[in-house]
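The values are calculated or read from the model by the stated rules, or taken from the named source; none is laboratory data. What you see is a predicted model; the values in this text were computed from it and never measured. Every residue, glycine among them, receives a Cβ derived from its backbone with ideal geometry; neighbour counts consider all protein chains shown. The protein model used for the area step is the full one, side chains on, heavy atoms only, and it has no ligands, DNA or RNA in it. Shrake-Rupley method; radii C 1.70, N 1.55, O 1.52, S 1.80 Å.
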Amino acid sequence: MAKKLLLHAPYISCQTLADKSRIAGQLYSVPEVGDVVLFYNGSRYNHTGVVLTVNKATKTFTTAEGNTSGANGVIPNGGGVVIGKTYTYGGTVRFHRPNWSLLDKDYNDVTTLITSHISTSQKGLLITASSLNIRTTPEGNLRNDVFYRKGDLVKASEKCFVNGSPWLKTEKGWISGKYVEGWIQETDGKWWYVTAGYTFPTNTWKAIDGKQYFFNADGYMVANDWKKEGNKWYYLGLDGAMVVSNWVQYKNVWYYFGTDGVTETDCYVKSADKNLYYWINSDGIWEPKWNTETPDKKKYRVIG
């Protein structure tokens, strides 16, 4: 039962539970009583507890937590310290919501599995195994007449978990989600990228088909938004890809991004279709009043 409620064996890392819960559609930002709270330390989920009460008027919740002695590492029996705490929800804290309805279901009946609809990119998912079995149901009977080969591209329409293992429904049947790579879109429109082992990038850039994408802490692709790295600014377009060698209009202001995706500043950018150079100021903003056909290339940096 614990495997079904936690999407894994009872002993599971906080980060793994967060990953599996998000993909299963059971990770929330607003708590309910009985949720498993997951605390984020800036790089990963590293501490947990059980939600005991929720006050939505004050946006607070109380928990029961172990391993709270303050010593380094995991302390046996929490160092004898299991306490209740009160927090304000919001920010990076997340809540895994077990599917309590499973308690009333026949666990051996595959028809009681919770499935969710998904879609893939037009390209589909790449099969990474040398050969991949196709089943009539998740963990069900093999289809002996067909299987997928490495390099095949398939479309998936549903996903589910059985004892913590991911399964995807294709046009030919169910396959393990551990042997595919590609884009998956959830019903809320958010995209993420699955890789072999049913892993996915979080809080990082990833090059896919020659383009750079950034994925947030929950593993979703960031799109139509800015991204700052140090003192450099990038922009992720409507398709999520980093904008390179192109213009972007943001709040009625135009910016130009160079070949490395960084906003250009203090330079002229040559028009693509006319003999005209556009001036980009120190804030990276195009100032039309300084457009010219003859920029001083010895004094100013010129692109194009």
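Given the whole protein assembly as supplied and a 1.4 Å probe, what does the accessible area of Arg149 come to in Å², nearest 10?
140 Å²
Return the loop-located trypsin sites (Lys or Arg not before Pro) in the range 152-181 (DSSP other than H, G, I, E, B) with at most 16 other Cβ atoms within 10 Å of their own Cβ; answer none if there are none.
Here the trypsin sites (Lys or Arg not before Pro) that fit, given the DSSP loop and packing criteria, are Lys172.
Each residue of the range 160-176 in turn: what ³J(HN,Hα) in whole Hz from Karplus with 6.51, -1.76, 1.60 and θ = phi - 60°, glycine and Pro shown as x?
In residue order, the calculated couplings are 7, 10, 10, 6, x, 8, x, 9, 10, 9, 10, 5, 9, x, 8, 10, 5 Hz.
Just need the relative contact order of the chain here, percent rounded to a whole number, with Cα pairs under 8 Å and 6+ apart.
10 percent
If you build a Gaussian network model of the chain, linking Cα atoms that sit under 10 Å apart, which residue out of Gly49, Gly151, Gly240 swings the most?
Gly151
With a/c under 1.5 counting as rounded, go ahead and sort the chain into rounded, prolate or oblate using the C-alpha gyration tensor (a ≥ b ≥ c being the square roots of the eigenvalues; past the cut-off, prolate if a/b is larger than b/c, else oblate).
The shape class here is oblate.
Could you name the lysines whose alpha carbon sits less than 29 Å from that of Lys274, not counting residues in the same chain fewer than 8 places away?
By straight Cα distance, Lys274 reaches Lys211, Lys251, Lys289, Lys297, Lys298, Lys299.
Among rounded, prolate and oblate, which fits the range 201-304 when a ≥ b ≥ c are the square roots of the eigenvalues of its C-alpha gyration tensor, a/c under 1.5 means rounded, and a/b larger than b/c means prolate?
prolate
Rounded to the nearest 5, what % of DSSP beta bridges with both residues in the range 222-304 are antiparallel?
Expressed as a percentage, antiparallel bridges in the range 222-304 total about 85.
So which lysines can Lys59 reach, going by Cα to Cα under 19 Å and dropping same-chain residues fewer than 8 places off?
Reachable lysines: Lys85.
Could you run the Karplus curve 6.51 cos²θ - 1.76 cosθ + 1.60 with θ = phi - 60° over the range 216-225 and give me ³J(HN,Hα) per residue in whole Hz, x for Gly and Pro?
7, 5, 8, x, 8, 5, 8, 9, 6, 7
Per residue, what accessible area does the range 157-304 have, given a 1.4 Å probe and all protein chains present, in Å²?
With the other protein chains kept in place, the range 157-304 gives 53 Å² per residue.
For the chain, with all protein chains present and a 1.4 Å probe, just round the carbon and sulfur fraction of the accessible area to a whole percent.
So the carbon and sulfur contribution to the accessible surface is 49 percent.
Give me the accessible area of Thr92, 1.4 Å probe, in Å² rounded to the nearest 10.
70 Å²
Tell me which residues come under 5 Å, amide H to amide H, from Leu276 once H is placed; ignore anything under 5 positions away on its chain.
Sorted by chain and number, the residues that satisfy this are Ser271.
What distance in nm separates the simple spin-label points at Tyr250 and Asn203, each placed 7 Å from Cα in the Cβ direction?
Each label point lies 7 Å from its Cα, and together they span 2.3 nm.
As an exercise, identify the trypsin sites (Lys or Arg not before Pro) in the range 200-267 lying in DSSP coil whose Cβ has no more than 12 other Cβ atoms within 10 Å.
Lys251
The range 147-209: which GluC sites (Glu not before Pro) are DSSP loop and have at most 14 other beta-carbon atoms within 10 angstrom?
Glu171
Based on DSSP H runs of at least 4 residues, each adding -39500 (n - 2.57), what is the mean residue ellipticity at 222 nm of the chain after dividing by all its residues, to the nearest 500 deg cm²/dmol?
-1500 deg cm²/dmol, from helical runs alone.
Along the Cα→Cβ direction, 7 angstrom out, place labels at Glu287 and Lys150. What is the inter-label distance in nm?
5.8 nm
Residues with amide H under 5 Å of Gly261's amide H, sequence separation 5 or more or different chain, H placed in the peptide plane at 1.01 Å from N; which?
It is Ser245, by chain and number.
Over the chain, what is the percentage of antiparallel beta bridges among all DSSP beta bridges, to the nearest 5?
95 percent
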